[in-house]
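Notes to accompany the following structure.
The values are calculated or read from the model by the stated rules, or taken from the named source; none is laboratory data. Bear in mind the structure is a predicted one, so any value in this text is a computation, not a measurement. Cβ placement follows ideal geometry from the backbone for every residue including glycine, while neighbour counts extend to all protein chains displayed. When the accessible area is computed, the model is the full protein with side chains, heavy atoms only, and any ligands, DNA or RNA have been set aside. Shrake-Rupley method; radii C 1.70, N 1.55, O 1.52, S 1.80 Å.
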Amino acid sequence: MTTPDRPDLSPATIAAQAAGATDADTGGVVPAVHMATTFARDADYAPLNADNVYLRSHNENTRVAERVLTALEGAAETLLFPSGMAAVAALFRTVPDGASVVVQRQIYWGTTAWIRAFCTRRGIALHEVEASDLDALSTVCAAENPALVWIETPSNPWLRITDVAGAADIAHRVGAVLAVDSTAASPVLSQPLGLGADIVMHSATKGINGHSDVLAGSLSVRDADHEIWQMIRTDRDTAGAVLGPMEAWLLTRGMRTLPLRMREMSRNALALAEYLADHPQVETVLYPGLPDHPGHALAQAQMTGGFGGLLSFVVKGEAPAALRAVGRMQLFHRATSLGGVESLVEHRHTIEPHTGIPEGLLRLSVGIEDIEDLKADLAQALGQ
């Protein structure tokens, strides 16, 4: 989590100063937006700037955002994509036809659904396993010899914690690449590459951007010379799965407050989790910051600065009671996403009814509002 020329800088400083990016042409303390899709050449047809030929391959605003994420992740290199799912797809397209992959069970449903369909089309053997159980993960990896192992920690919406270092050892023993979806943590709370992961993915739409106004995804790598990474770089360039300049500029602006936002969101989420754990209308609270969470000790060991703004809880009375509470909420917006400055609530069973989600489960994306206001909203919604 450093820049090459300043290895002593903390994530807060890297983020606030956008890894040193400014507008060199005007002296502005923030980088400019460069909207040109193509770039001029001289009379001999040599590019006026050797780094810029065409926007699909040469986007200065994307480079700036990638440098910030690379520094925060402690990565060798980062590539941005127009969505989190585009980043997922770019990685999975490197898996050969007929190979096998191991994917964590009960993660973000959009990822699971796409991977299942993709593997079916490509004749790739898909093995889903509860990856937080390292014995189960080891057994399936030893038996199936996967090319890729995919985990998500903390998982969405179950908030399960997977041992990244343990999963990396298991994957590497069978020659697999370990990829980690770290969206719920963001790079300021967890750095999977430092724990042994090969690639880390974020839906940058979420906490990295933090303002619910940019669609983006990212992949960061530990070894930029890895064959798979070179395939991803080439595929993004030729297939055109790139982020536009304005979105990249907004993403950089969002990242400048990322450590502050994640700190406040984590603090608010922990306070709400503690409040809900004692509420008579609540059956279960799923949040790794609670001492009785099965993954609490592991989360403490591999997350720094908090446990994130995502939490789930199960309301007594199943769907009718949960939906009644959601309908009464005034500050929590009824919307699908997470990681924004505003708090959101989602009834997950409505979104994915056939995946084992409890009918009473509500997922909260906790924002940066005053904690007492958020508590009061939950209190009146739940009836106490």
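Quick notes on this structure:
- Qualifying positions in segment 4-54 - of a type in the set (Val, Ile, Thr), closer than 27 Å to residue 73 by Cβ and in a loop (DSSP other than H, G, I, E, B): 22, 29, 30, 33
- Checking 36, 50, 43, 32 one by one, the residue that is out of contact with any helix residue (DSSP H, G or I) (no Cβ under 6 Å at 6 or more places or on another chain), under 16 Å from residue 256 (Cβ atoms), open to solvent by 20 Å² or more (accessible area, probe 1.4 Å) and of a type outside the set (Val, Ile, Thr) is 32 and no other.
- Residue identified as open to solvent by 50 Å² or more (accessible area, probe 1.4 Å), small (Gly, Ala, Ser) and farther than 20 Å from residue 228 by Cα among 131, 117, 143, 136: 143
- Output for segment 207-223, where each listed residue is open to solvent by less than 20 Å² (accessible area, probe 1.4 Å) and either more than 19 Å from residue 241 (Cβ to Cβ) or assigned to a loop (DSSP other than H, G, I, E, B) (or both): 207, 208, 209, 210, 214, 216
- Some residue of segment 192-206 being at pLDDT 95 or above and open to solvent by 50 Å² or more (accessible area, probe 1.4 Å): yes
Residue-by-condition table, conditions (1) polar (S, T, N, Q); (2) closer than 30 Å to residue 31 by Cβ; (3) touching a Ser or Thr at 6+ places or on another chain (Cβ under 7 Å):
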| residue | (1), (2), (3) |
| --- | --- |
| 245 | no, yes, no |
| 254 | no, yes, no |
| 269 | no, no, no |
| 277 | no, no, no |
| 285 | no, no, no |
| 298 | no, no, no |
| 302 | yes, no, yes |
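- Qualifying residue in segment 90-110 (condition: surrounded by fewer than 19 Cβ atoms within 10 Å (Cβ to Cβ), within 26 Å of residue 308 (Cβ to Cβ) and of a type in the set (A, V, I, L, M)): no
- Considering (1) crowded, with 19+ Cβ neighbours inside 10 Å; (2) on the phi > 0 side of the Ramachandran plot, the lone condition that residue 60 does not fulfil carries the number (2).
- Number of residues in segment 76-87 that are over 17 Å from residue 207 (Cβ atoms) and open to solvent by less than 40 Å² (accessible area, probe 1.4 Å): the value is 2.
- Being within 30 Å of residue 55 (Cβ to Cβ), charged (D, E, K, R) and touching a strand residue (DSSP E or B) at 6+ places or on another chain (Cβ under 9 Å) holds for only one residue in 261, 233, 253, and it is 233.
- Taken across segment 146-155, residues that are open to solvent by 50 Å² or more (accessible area, probe 1.4 Å), modelled with pLDDT of 95 or more and of a type outside the set (A, V, I, L, M) do not occur at all.
- Selection count where residues are surrounded by fewer than 24 Cβ atoms within 10 Å (Cβ to Cβ) and either free of Cβ contacts under 8 Å to residues at least 12 places away in the same chain or under 15 Å from residue 302 (Cβ atoms) (or both), scope segment 165-190: 4
- For first residues located in segment 123-138 and touching a residue at least 12 places away in the same chain (Cβ under 8 Å) and more than 16 Å from residue 178 (Cα to Cα), partners that are of a type in the set (D, E, K, R) and not in a helix (DSSP H, G or I) and lie 6+ apart or on another chain with Cβ distances below 9 Å form the pairs 123/97; 124/97.
- Whenever a residue of segment 269-297 is free of Cβ contacts under 8 Å to residues at least 60 places away in the same chain, its partners that are crowded, with 19+ Cβ neighbours inside 10 Å and hydroxyl-bearing (Ser, Thr, Tyr), lying with C-beta atoms within less than 6 angstrom and at least six residues away or across chains, give the pairs 273/287.
- When 69, 79 are checked against the criterion of being within 30 Å of residue 182 (Cα to Cα), outside any loop (DSSP other than H, G, I, E, B) and touching a Lys or Arg at 6+ places or on another chain (Cβ under 7 Å), 79 stands alone in meeting it.
- Residue 72 vs. criteria out of contact with any strand residue (DSSP E or B) (no Cβ under 7 Å at 6 or more places or on another chain), modelled with pLDDT of 95 or more and open to solvent by 40 Å² or more (accessible area, probe 1.4 Å): no
- Subset of segment 277-309 (residues that are of a type in the set (A, V, I, L, M, F, W, C) and in contact with a helix residue (DSSP H, G or I) (Cβ under 7 Å, 6 or more places away or on another chain)): 282, 285, 290, 307
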